[in-house]
Every structure is written in structure tokens, then in C-alpha cells.
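Undergrad: For reference, the structure I am asking about is given below.
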Amino acid sequence: MVKPTKVTNSIRALRFANGQMTQAELADRIGVTRQTIIAIEQGRYSPSLEMAFQIARVFKVPLDEVFQYPDSQGEPQ
Amino acid sequence: MAYEEKRAWIMLVVSVCAYAAYLIIIVGRAGPTPLAELSYESTLLWSIGVAIAVQIGLGVIAGLGSPKARKKDQRDREIGRLSEYIGQSFVVIGGVAALLMALAELDYFWIANVIYLTFVLSAALGSVAKIFAYRRGFQSW
């Protein structure tokens with residue numbers, strides 16, 4: 001079983017906030033396939049840092065508005 | 001379905017079917033004759049040749065329609081590397097097994113067949129790993 005990523009993202013919400021941008025349009029803008037955008041949105045794939053910045057740049061927002069890494073209670077700092 | 005995932009399915013099904021067909025032909029031919037004395041060479045080569053040709057043909061058909069779908073991106077390359085890495089283990093096992101069998105002076109039949117079997121296992125395991133990564137998720141860390 002693949003360990004799910006703790007990284008969450010707001011790509012779906014950002015797409016809708018940006019003129020109902022489709023997954024295919026976003027994929028074209030950053031040069032990946034639509035399947036990769038779907039996998040990222042569903043948390044099945046963690047993009048590289050560079051791809052994460054490219055996604056944030058498309059939406060013209062800081063990186064942490066696109067990707068979040070929530071704190072876990074009881075986890076050693 | 002991603003083009004690379006389709007290709008993984010094609011490789012898995014074709015390589016397993018070709019090997020199964022080879023085994024059925026060889027075992028059916030055996031009868032009272034010991035396996036090592038059978039004429040297997042042409043069947044083995046045909047099995048490999050047909051499998052390669054069918055994989056190429058089906059790969060081309062799977063990619064028809066949208067050239068954009070055939071594009072490989074970072075995720076495809078990372079998943080491809082993972083599946084190669086997993087599949088390669090069986091190639092090494094096959095090489096070592098063939099070396100030991102040659103040193104033990106076993107019949108060519110067994111050496112050729114253990115190499116073929118590990119090629120098939122390598123293709124099958126690599127394809128399963130790739131399909132699993134596409135279906136269930138893949139984290140690059």
C-alpha cells in the first residue's frame with residue numbers, strides 16, 4: 001500500500017476561482033499531462049518543487065496557498 | 001488512462017500470453033521425451049519475436065488519435081524509472097542463475113529457459129509496478 005501524502009492542495013478550488021480553468025488547460029500551461037493534474041489534485045502524486053512553483057505561478061498566488069502541509073498533533077518537532 | 005499505463009497493460013498481457021503459448025507448445029511436444037532433448041529454439045525465438053512485434057503494434061494503436069496523449073511528463077518518467085528498477089532485479093537473478101547453470105554444465109535448454117522466464121518475470125513485475133503506481137498513487141520521495 002502506497003503511503004498517502006500529507007501534502008494537501010487547493011488546485012481544484014483555485015481552478016474554479018480562475019474562470020473555471022479546466023484540468024487540461026492547467027496541464028497545458030505547465031507542460032504536463034491531464035492525468036498528472038488529476039493525480040496531484042487527488043493526492044496520488046506529489047509534484048516536484050519546480051512543478052509546484054509553476055502551478056502557483058499560473059494562479060498568481062504564493063506556493064502555500066496552493067499546497068499545505070498540516071501540523072500533526074503529537075508529532076515530534 | 002495514461003498512454004504509459006496502456007503500454008504497461010499491453011506489455012504485461014502480451015509477454016505473459018506469449019510465454020504461456022510457448023510453454024503449452026513445448027510441454028505438448030514433450031510426451032515421453034525428456035524436456036532437455038526437445039527442439040525448442042525456433043519456438044522460443046518465435047515467441048519472443050511475435051511478442052515484441054505485437055507489443056509495438058498495439059503500442060502504436062494505443063497512441064493513435066491524440067499525439068498529445070503520447071507526451072511523457074515528469075510523473076511518467078519517475079514511474080518509468082521505478083518500474084525499470086523493480087523489473088531489473090529479475091534480469092540480474094536470471095543472469096546469475098544462467099551463470100551458475102552454465103558452471104554446473106546443465107543443458108542449454110534449461111539455461112535458455114531460465115533466462116526467458118526471468119525476462120518475462122521482469123517485464124511482468126515491472127508492468128505491474130507501473131500499473132500500481134498509476135492506479136494507487138506514486139510519491140517521488
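What follows draws every value from the coordinates through simple rules; no lab data is involved. For clarity, every value in this text was computed on a predicted model and none was experimentally measured. When we count neighbours, we look across all protein chains shown, and the Cβ atoms used for this are built from the backbone with ideal geometry, even at glycine.
Undergrad: Taking a cut-off of 15 Å, what percent of all Cα-Cα pairs in the range B:89-141 are separated by more than that? All intermediate terms of the calculation are to be shown ahead of the outcome.
TA: On the way: 746 of 1378 pairs.
Above the 15 Å cut-off, the range B:89-141 has 54 percent of its Cα pairs.
Undergrad: Let me ask something additional. Using the crude model of +1 on Lys and Arg Cβ and -1 on Asp and Glu Cβ, and no other charge, please compute the dipole size for the protein assembly as shown relative to its Cα centre, in debye to 20.
TA: Numbers: 22 positive and 18 negative charges, 174 e Å.
Here the protein assembly as shown has a charge dipole of around 840 debye.
Undergrad: What's the magnitude of the charge dipole for the range B:3-136 around its Cα centre, counting Lys and Arg as +1 and Asp and Glu as -1 at the beta-carbon? Answer in Debye, nearest 20. Could the numbers behind the result be given before it?
TA: Numbers: 13 positive and 10 negative charges, 189 e Å.
Dipole size: approximately 900 debye.
Undergrad: What is the distance, in nm, between label points placed 7 Å from the Cα along the Cα-to-Cβ direction at B:A102 and at A:T22?
TA: The modelled label-to-label distance comes out at 5.5 nm.
Undergrad: Which value, in debye to the nearest 20, gives the size of the charge dipole of the range A:1-60 about its Cα centre, when Lys and Arg are +1 and Asp and Glu are -1 at the Cβ? Don't skip to the end; give the middle numbers.
TA: On the way: 9 positive and 4 negative charges, 35 e Å.
In total the dipole reaches around 160 debye.
Undergrad: Stokes-Einstein at 10 °C, 1.306 mPa s, Kirkwood radius from Cα pairs: D for chain A in µm² s⁻¹? Spell out each step's value before the answer.
TA: Working: Rh = 13.1 Å.
Approximately 121 µm²/s, per Stokes-Einstein.
Undergrad: Tell me the Kirkwood hydrodynamic radius of chain B in angstroms, computed as one over the mean inverse distance between distinct C-alpha pairs.
TA: On the way: mean 1/r = 0.0601 Å⁻¹.
Radius from the Kirkwood sum: 16.7 Å.
Undergrad: Then there is this: Mind jotting down the distance between the C-alpha centroids of the range B:15-31 and the range B:81-141, whole Å?
TA: 19
Undergrad: Let me ask something else. Please name whichever of B:A123, B:L38, B:W9 sits farthest to the positive end of the charge dipole of the range B:3-136, dipole taken about the Cα centre and charges placed at Cβ: Lys and Arg +1, Asp and Glu -1.
TA: B:W9
Undergrad: For each pair in A:K60/B:K130; A:K6/B:K71; A:K6/A:K60; B:K71/B:K130, compute the distance between the two Cα atoms and list the pairs where it is over 22 Å. Walk me through the numbers on the way to the answer.
TA: On the way: A:K60/B:K130 34 Å; A:K6/B:K71 29 Å; A:K6/A:K60 24 Å; B:K71/B:K130 17 Å.
Correct reply: A:K60/B:K130; A:K6/B:K71; A:K6/A:K60.
Undergrad: I would also like to ask the following. Using just the Cα positions, wrap the protein assembly as shown in a convex hull and report its mean projected area in square nanometres, one decimal place.
TA: Values: hull surface 67.9 nm².
Reported value for the Cα convex hull: 17.0 nm².
Undergrad: Once both labels are modelled 7 Å past Cα along the beta-carbon direction, what's the A:E50-B:K72 spacing in nm?
TA: The answer from the label model is 1.6 nm.
Undergrad: Still on this structure, I have one more. Angle between the Cα long axis of helix B:41-62 and the longest principal axis of chain B, 0 to 90 degrees, nearest 10?
TA: So the helix axis and the longest Cα principal axis differ by about 10 degrees.
Undergrad: Can you compute the radius of gyration and Dmax for the range B:26-83, using only the Cα atoms, both in Å?
TA: Considering the range B:26-83 through its Cα atoms, Rg and Dmax are 19.1, 55 Å.
Undergrad: Give the long-range amide H neighbours of A:N9: residues separated by 5 or more places, or on another chain, with amide H under 5 Å away, using H modelled in the peptide plane at 1.01 Å from N.
TA: A:Q68
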